[in-house]
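Have a look at the structure below, then the notes.
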Amino acid sequence: MRTRACSAALAVLLSAPPSVACAAPARDCTLEAQLLSNAQSELPRLDATSPQDRPPYCITIETIMTFANRVKAHVAHCPNSDFAAAMADWTKTQTDYSKLFTQHRCKRTL
């Protein structure tokens, strides 16, 4: 059940159209922020998985790290975004989760 939930959350994050926004010469920061906000609300929670349940745990960590990269890219192009204020938190989260990813010998799936 957890694997399905994590897989579904990963599919939602990967199916969001940031590639369309990336391909466009001018970014619509408002639309991009809305897409990020929607994706953030669907992020899996690390506290809902356990390191003993390794595949879902690793997928959850990787999904959140990938989202943090999306936020970083968004803020780089849209410095006045509402996400700019939370950038330090996302950077810390990405660093912390990267350590967990390595510590639990997770393998990249994305």
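Bear in mind these aren't lab numbers, they're just calculated from the coordinates by the rules spelled out. None of these values were measured; they are calculated from a predicted model. Every residue, glycine as well, gets a Cβ built from its backbone with ideal geometry; the counts of neighbours run over all protein chains shown.
What the table shows:
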quantity	calculated
Subset tally (residues that are without any contact (Cβ under 8 Å) to a residue 24 or more places away in the chain and within 15 Å of the chain's Cα centre (by Cα)) for the range 85-104	9
Flag for CYS58 being more than 15 Å from ALA33 (Cβ to Cβ), touching a residue at least 40 places away in the same chain (Cβ under 8 Å) and touching a Cys at 6+ places or on another chain (Cβ under 6 Å)	yes
